[in-house]
1. Please determine, by comparing only the residues of the stretch 127-182 that are acidic (Asp, Glu) and crowded, with 18+ Cβ neighbours inside 10 Å, which one is farthest from Val106 (Cα to Cα).
2. Considering only the stretch 242-273, state which residues are over 30 Å from Tyr92 (Cα atoms) and surrounded by 13 or more Cβ atoms within 10 Å (Cβ to Cβ).
3. Quick check on Ser209: is it among the hydroxyl-bearing types (Ser, Thr, Tyr) and modelled with pLDDT of 95 or more?
4. Among (1) in a loop (DSSP other than H, G, I, E, B); (2) hydroxyl-bearing (Ser, Thr, Tyr); (3) under 17 Å from the mean Cα position of the chain (by Cα), there is one condition Thr44 misses while meeting the rest; what is its number?
5. Specify which of the listed residues (Arg264, Arg277) is of a type in the set (D, E, K, R), out of contact with any helix residue (DSSP H, G or I) (no Cβ under 9 Å at 6 or more places or on another chain), modelled with pLDDT of 95 or more and closer than 30 Å to Pro22 by Cα.
6. Would you be able to say whether some residue in the stretch 208-217 is of a type outside the set (Ser, Thr, Tyr), in a helix (DSSP H, G or I), farther than 22 Å from Leu129 by Cβ and in contact with a helix residue (DSSP H, G or I) (Cβ under 8 Å, 6 or more places away or on another chain)?
7. If you take the residues in the stretch 221-266 that are among the charged types (D, E, K, R) and either part of a loop (DSSP other than H, G, I, E, B) or in contact with a strand residue (DSSP E or B) (Cβ under 7 Å, 6 or more places away or on another chain) (or both), which one is nearest to Ala58 (Cα to Cα)?
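The values are calculated or read from the model by the stated rules, or taken from the named source; none is laboratory data. Treat the numbers as computed from the prediction; the structure is a model and nothing was measured. Heads up, the Cβs are rebuilt from the backbone with ideal geometry, glycines too, and the neighbour counts pull from every protein chain shown.
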Amino acid sequence: MAHPLAALLAPPPGLDVEFSRPAGAEALVPDDSVSWRIFANPVTLFIGGVAAVILELAEPSVRAGVWDHSSFRSDPLTRLRRTGAAAMITVYAPRDVATSMIGRVVALHEKVRGALPDGRSYRANDPRLLDWVQATATFGFAEAYHQYAARLSEAERSAAFAEGMQAARLFGATGAPGSLQDWEALLARTLPALQPSETLEEFLQIMRSAPILPRPLRALQRLLVRAAVEIVPPQVRQHLRLDGSGLQKGERLAVSTLARLAERIPRPSSPPAQARRRMRAAPVGRTQALLSRSREG
């Protein structure tokens, strides 16, 4: 049975990737990682992605780079599918495929630069901005999974940041947090610079009303957007004047039920399922080596 959010994880034209081959090809992130669990849940991926963008748009330079140089306004569904596909490729695709995709993104971002209304310049490949984008993405996806799908230990939440470090460096985020503690320190340093804006309000309105889900499920779409606001750190919600925009009484249970059901719905054509088949089909020599190391351990 297909999940209504599964289409967001399907690569759009130009990002078609073979996740099931070659047999045994390792990804940037190990297949026994926390990240492989987190990124397989379409409900918490949607929630976490929206939460990450809220945090990104709160930073003035990131906001200008994202909003002035992307198709969020004109074609939010394609923009979301591209973002979702990039996440799937980074976590599940063979290492060389992921590395190549990241290289193309970095090259595209090199052209994204401009000036803020106060005259300050920005560029998308500024390591400081990349650190924030990488950190907010990891926080959003991990926190959504933790809050709504399955509780993660503090060590597992830290592991989600550590597991993203290799991809972060390839993107140019050389100072991205490698642990939950590092994320909390970065958040504390960045909080004074975060700002509410009309752009953030416009983004949330687009996410509530854009044809992301079929019309009969738009109420669910609005619920998931509120769930995203709910997991934004309380001090940031207050700073951005988003208090009261999160979940209402009883809605958390509804979101958690949806997220936990998504854990059980088989999606054999999804990137995570294809990647697991690739790893199970490891060449005989590699399988024997892994078994040998396991016995020695």
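1. Step one: filter the stretch 127-182 for residues acidic (Asp, Glu), giving 131, 143, 154, 156, 163, 182.
This time we only want the ones that are crowded, with 18+ Cβ neighbours inside 10 Å, so: 131, 143, 156, 163.
Numbers: Asp131: 14, Glu143: 26, Glu156: 29, Glu163: 20 Å.
Per the criteria, the residue is Glu156.
2. Correct list: Leu242, Ser245, Gly246, Leu247, Glu251.
3. Values: among the hydroxyl-bearing types (Ser, Thr, Tyr): yes; modelled with pLDDT of 95 or more: no.
When the stated conditions are applied, Ser209 does not pass them.
4. (1)
5. Just a single option satisfies the conditions, and that option is Arg277.
6. From the stretch 208-217, those of a type outside the set (Ser, Thr, Tyr) are 208, 210-217; that's our starting set.
Filter again for in a helix (DSSP H, G or I), leaving 208, 215-217.
Then drop every residue that is not farther than 22 Å from Leu129 by Cβ, which leaves 208, 215-217.
Cutting the leftovers down to in contact with a helix residue (DSSP H, G or I) (Cβ under 8 Å, 6 or more places away or on another chain) gives us 208.
The answer is yes, given that some residue of the stretch 208-217 is of a type outside the set (Ser, Thr, Tyr), in a helix (DSSP H, G or I), farther than 22 Å from Leu129 by Cβ and in contact with a helix residue (DSSP H, G or I) (Cβ under 8 Å, 6 or more places away or on another chain).
7. Once the filter is applied, the top-ranked residue is Arg241.
Quick grid of which residues meet (1) modelled with pLDDT of 95 or more; (2) closer than 21 Å to Val50 by Cα; (3) in contact with a Lys or Arg (Cβ under 7 Å, 6 or more places away or on another chain):
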site	(1), (2), (3)
Leu116	no, no, no
Leu129	yes, yes, no
Ala137	yes, yes, no
Arg151	yes, yes, no
Glu154	yes, no, no
Ala168	yes, yes, no
Glu184	yes, yes, no
